[in-house]
Amino acid sequence: MGKLLRRYLQNPAALLGGVLLLVIIAVALIAPLVFPRDPLSLAGRPLQWPMANPHFWFGTDASGRDIAAQIFYGARVSLLIGLVATSIAIAIGIVIGALAGFYGGYVDEALMRVTEAFQTLPNFLLLLVLVAVFGSDITTVTIAIGFVSWPAPARLTRAEFLTLRNREFVQACRVLGMGDRQIIFREILPNALPPVIVYASVVMAVAILLESALAFLNLSDPNVASWGNLIGSGRGVLRTQWYVSAIPGFAILMTVLAVSLVGQGLNDALNPRLRRTIT
Amino acid sequence: MNILLLALRRLAASLPTLLIILAGLFLLLQLAPGDTVDALMAQIGGGDPATAKELRHYYGLDISALSQLARYFLRLIEFDLGQSAIYGKPVASVIAERLPVTLLLMSTSLCLAFAGGTALGILAARNIDRWPDTLISTVGLIFYSTPSFWFGLMGIVLFAITFGWLPAGGFEEVGSGLTGLARVIDIAHHLVLPVVTLALIFLATYLRIMRASMLEVRGLDFVRTARAKGLGETAIVIRHALRNALLPMVTLVGLQAGTMLGGSVVVESVFALPGLGRLAYESVVQRDLNTLLGIVFVSALLVIAVNFIVDLVYGQLDPRIAAGR
Amino acid sequence: MSALLEIDDLHVRLPRGADREEALAGVTLSLVPGEILCVVGESGSGKSMLANAIMRLLPAGVEATRGRISLGGRDLLRMSEAEMRRVRGAAIGMIFQEPMTALNPLRRAGDQVAEMFRVHTDFSTRQIRERVLALFAEVRLPDPEAALQAYAHELSGGQRQRVMIAMALALQPAILIADEPTTALDVTTQARILDLIRDIQRRRGMAILFITHDFGVVAEIADRVVVMRAGELVEEGAADRVLNQPQAPYTRALIAAVPPLLPRPPRQAGGAPILSLVGVSKTYRSGGLFSRRLRRVTHAVREVSLDLPKGTTLGIVGESGSGKSTLARCIVRLLDPDGGNILLGDTDLAALSRRAMRRQSRRVQMVFQDPFASLNPRRRAGELVAQGPMLHGMKRDAALAKARDLFALVGLDPSAVDRFPHEFSGGQRQRIGLARALALEPDVLIADEPVSALDVSVQAQVLALLDELRDRLGLSMLFITHDLRVAAKVCDRIAVMKDGALIEVGATADVFRAPQHDYTRALLDAVPGRDWSRRRESAILSAIPAAIPAG
């Protein structure tokens, strides 16, 4: 564990990603302290340029809301959605991938058909449908994003299980008389987990991007200070006040970049010789 | 021959997948509060229950969900996707109007992303840990982390508004009456920004895979054999590493076909392109069930078709596939 | 005779963090025209690094720091990369251990050999084709025309190695470097490839630097031998002298560890069989639901019937694909046999449900081949051994205490139970695997190639341990191996398998002395270094006549 941390910290890109992510987490945590008011309430004259009024660091949007406050609160939304949706996707993915990879045969065939169905369907289209059916409050959106993101981790887990289940140590467990459940969760899973954990960073990056795209299209929760919402609302004034869209977009870029760098750093630290990047 | 047979088998195997998708979605939409008629009534400013009932009967919404599904499947066999409630035309013709734009956008972007990703991936892998690799990987990661719609908006700000080089949206100049080559050039002019936007996001993914794949192949035994034969580094890349390294890239095209269609929903709506993606967005907003299902059906067919081509190409690249293993 | 290749005080540095500083620490040797020089050593001796250093194909981070490698008066280490490329292939050809991965899977064999000519000569396409065909004929590929068009996966292991040899010979290099070229091959294929290499060497009069770990192969092929250990030369001399009168203590120990081809005296066959196989079969089906044409059926094990008398060891011998490992896995029900009975006492293991088999599992245990893959890397060694007893109802403390006792039994330090598998060497891991199997006090122990991944000196220790434990615990053992030397050392009886079928069973001494089946005879004839072993053995036997079993 210590060795892993040391290898991680020796990698400048990973270090940068880690620091960036910590800053974003800090921003999310202190949002209510810095901006005690509701970020979606009217704060001042609309469409003031950044720093034009020292009170509004990033200016105000077309409805006179403080952009800085929305950026700070938006960090909470993005991180929370990313985290929860990723947990859902990874949990579903691990269970389905583990069962398919361990048992093979008909179980694998059936589960992979379903996985394939999910992958054949453009995931953003499916997300649109889910949101249209179940509404677009923040909980629904989060669950829906998690629900459309599980196939890739499932395939990864399955591939790991397929190679691990024929390893001799697994055969040894079966020869000792160990039951399937114990073999899957206590013996194989700990060995299959590291690449899946690394992959979680990709899922999280995509989840944040999906939510922002949904919000941009006005299909996410309008009552939440989401960066995507802000970009969407800035579209109307793009010709003159482009900063309304530019600033939150940059925030998304930085967050996704931080998550990806941390994921790559973890990957490099886990496979020091391979240096293999995954998507 | 054998490759074609195998690809056809894979194609046949995707039929159940298609059925799972359609049945799942159809039943899912039954859970939606309100139906097409509710949406229609709301649009025309309300109406009496009798009209609503009549409309429901007209759209076939007054029978059980399962019968609706069965009826839907039966009609699908004749490629009858039903009537679009919002557009007042058969869904098939609405989709047919929109499909070419999306196909053009997707195929151009895909080619750009694939070619660019391959070239840059090779360049990065050959210069691993030196400045070209660092630069390419960093820029790639930044593109990967950028939301496509924001990228498009910033492109509009820069190239359409500030410099005025490119149009800010649309597929072609409406009412310009251009024909022939002039029209082609006009469309190309309009598509530069959307294509680049969509391509850059995926280029990042392709380049990362190509780089990783090249690095992996470079360490394989047969590359050592090639060195022991006295081949130079460039010859090794071209004659031995490239074809092997392309295999995961080809797989990725199949895996990403769906994601790319999803991406075009957003890009089309940023650039006001009359494509399939934008149609999907409109029909979700307006609860046009028939159209939405039609789009899903056509998208799934599209993804399956892409995967069929991917299988054929893969079989051409890798002789082991035809051997059945 | 003047040397063709001279290596003088060669030092090769390993990257930081490796287990030692230098892969090669001052190696000096020379290769004269027309000789086969064997470089022999155990894993980590630096023998492959030597081959790669000559070709300047060292892995990233490893570099030659001192010394000279001169070829025709020029120092290879100081050549430019472009000059070095003209040496590779043209002046020095090279063949590798794993012919499957050494060939590009996506290009035809003929094309890959032709590339030699395209890179180094300006022959026309027709000329190249003729040359490649001639080369394929020279390396005795059965159908040269077909081989031109074949991909690696369409050739057998031996054929692939022949293609590699053809490629290395293409430009008639004066020197051939062969890095363990027969290690991945079956014993009969190995014999044929060795034969081919020696034949070509004589015909062309080239010099061969032959890297190997196997003294049997050395005895077959070498004119001169260099023994390496930890990057240094230990001994050098004519093959005959080194093999029969080794001077260095290390060489002596290595040669003593090579099991003689002398069947062990059989133990008293203790009456009733403890395990009986009756008509056991296993068939694999592959291919699709849709096309009957693509479906194929492989008979991995066909109607095998065998008895294992209590307290004895039965060896199951065969080449890869013979079904010996499949049979072993059927007995412990890692695979479900399609037919037949597996009678352990009066229980038919083949007829048990999965759940019932789990309860019976403590009666038959298995030791695996790969010391690295057979232990879960995330569990402590003691836990791995205690797991079995705990699964069958023993309390954790008692099981861990038992694990300590077993560690002592298999010759490990009992205080090492808290370490993780990666902290042990290969031989020690095999001991942990053995302790894990013994923890359940099984009636029958199945050992699946338990020493084939180990270096010869470690192999000898593990075999000695198995021998001792069998006598102390009265173990009944089924010993799967491809190595007849190992079989001769540990087995009372031998069963020979080929293509899934049992072709011969008998007392080890009988099978060795008078094999009944042609294939058994071929296997015995193919054992590398058998003539050398026979001479050694007759020397041993005449020295200690008491060792001859009475009757």
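Tabulated results
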| item | result |
| --- | --- |
| Residue in the range A:259-266 that is of a type in the set (Ser, Thr, Tyr) and outside any helix (DSSP H, G or I) present | no |
| Failed item in (1) modelled with pLDDT under 85; (2) in a helix (DSSP H, G or I), with residue B:324 passing the rest | (2) |
| The lone exception for residue C:106 - which of (1) facing another protein chain (nearest Cβ under 8 Å); (2) within 24 Å of residue C:211 (Cβ to Cβ) it fails | (2) |
| Number of positions in the range A:88-113 that are farther than 15 Å from residue A:164 by Cβ and not aliphatic (A, V, I, L, M) | 5 |
| Test: residue in the range A:67-80 that is among the hydroxyl-bearing types (Ser, Thr, Tyr) and in contact (Cβ under 8 Å) with a residue 60 or more places away in the chain | yes |
| Among the candidates A:202, A:224, residue that is aliphatic (A, V, I, L, M) and at pLDDT 90 or above | A:202 |
| Criterion: within 18 Å of residue B:75 (Cβ to Cβ) and at pLDDT 85 or above - qualifying residue of B:312, B:301, B:273, B:279 | B:301 |
| Test: residue in the range A:112-129 that is more than 11 Å from every other protein chain (Cβ to nearest Cβ), of a type outside the set (Ser, Thr, Tyr), surrounded by 18 or more Cβ atoms within 10 Å (Cβ to Cβ) and within 20 Å of residue B:21 (Cα to Cα) | no |
| Candidate set from the range C:357-407 (those that are small (Gly, Ala, Ser) and surrounded by fewer than 19 Cβ atoms within 10 Å (Cβ to Cβ)); member that is nearest to the other protein chains (Cβ to nearest Cβ) | C:393 |
| All strands (runs of 3 or more DSSP E) inside the range C:306-374 with 1 or more residues being closer than 18 Å to residue C:490 by Cα and out of contact with any helix residue (DSSP H, G or I) (no Cβ under 8 Å at 6 or more places or on another chain) | C:313-317 |
| Hey, residue B:302 facing chain A (nearest Cβ under 10 Å), in contact with a helix residue (DSSP H, G or I) (Cβ under 6 Å, 6 or more places away or on another chain) and within 30 Å of residue B:193 (Cα to Cα) or not | no |
| Filtered residues of the range A:168-191 (kept if within 11 Å of chain C (Cβ to nearest Cβ) and within 32 Å of the chain's Cα centre (by Cα)) | A:180, A:182, A:183, A:186, A:187, A:188, A:189, A:190, A:191 |
| Unique match (being in contact (Cβ under 8 Å) with a residue 60 or more places away in the chain and of a type in the set (Asp, Glu)) among C:98, C:63, C:145, C:81 | C:98 |
| Residues within the range A:215-271 that are of a type in the set (Ser, Thr, Tyr), closer than 30 Å to residue A:12 by Cα and more than 7 Å from chain B (Cβ to nearest Cβ), tallied | 1 |
| Residue in the range B:123-130 that is crowded, with 21+ Cβ neighbours inside 10 Å and either modelled with pLDDT of 90 or more or out of contact with any Gly (no Cβ under 8 Å at 6 or more places or on another chain) (or both) present | yes |
| Of all residues in the range C:92-103 being under 12 Å from residue C:153 (Cβ atoms) and part of a helix (DSSP H, G or I), the one that is nearest to the other protein chains (Cβ to nearest Cβ) | C:101 |
| Residue within the range B:194-202 that is closer than 28 Å to residue B:144 by Cβ, in contact (Cβ under 8 Å) with a residue 40 or more places away in the chain and out of contact with any helix residue (DSSP H, G or I) (no Cβ under 6 Å at 6 or more places or on another chain) present | yes |
| Residue match in the range B:174-185 (condition: under 24 Å from the mean Cα position of the chain (by Cα), more than 9 Å from chain A (Cβ to nearest Cβ), exposed (fewer than 15 other Cβ atoms within 10 Å of the Cβ) and modelled with pLDDT under 90) | yes |
| Which listed residue, of B:166, B:141, B:135, is touching a residue at least 60 places away in the same chain (Cβ under 8 Å) and either more than 10 Å from chain A (Cβ to nearest Cβ) or buried (at least 18 other Cβ atoms within 10 Å of the Cβ) (or both) | B:141 |
| The lone exception for residue C:136 - which of (1) assigned to a loop (DSSP other than H, G, I, E, B); (2) surrounded by 19 or more Cβ atoms within 10 Å (Cβ to Cβ) it fails | (1) |
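Let's see how each residue does on (1) buried (at least 21 other Cβ atoms within 10 Å of the Cβ); (2) more than 15 Å from the chain's Cα centre (by Cα); (3) more than 10 Å from chain A (Cβ to nearest Cβ):
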| site | (1), (2), (3) |
| --- | --- |
| B:200 | yes, no, yes |
| B:208 | yes, yes, no |
| B:217 | yes, yes, yes |
| B:232 | no, yes, yes |
| B:236 | no, yes, yes |
| B:242 | no, yes, yes |
| B:258 | yes, no, no |
| B:284 | yes, yes, no |
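Yes/no matrix, rows are residues, columns are (1) farther than 23 Å from residue C:235 by Cβ; (2) buried (at least 19 other Cβ atoms within 10 Å of the Cβ):
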| site | (1), (2) |
| --- | --- |
| C:25 | no, no |
| C:43 | no, no |
| C:59 | yes, no |
| C:96 | yes, yes |
| C:99 | yes, yes |
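The values are calculated or read from the model by the stated rules, or taken from the named source; none is laboratory data. Since the structure is predicted, the reported quantities are computational estimates derived from the model, not experimental observations. Note: ideal-geometry Cβ built from the backbone for every residue, glycine included; neighbour counts use all protein chains shown.
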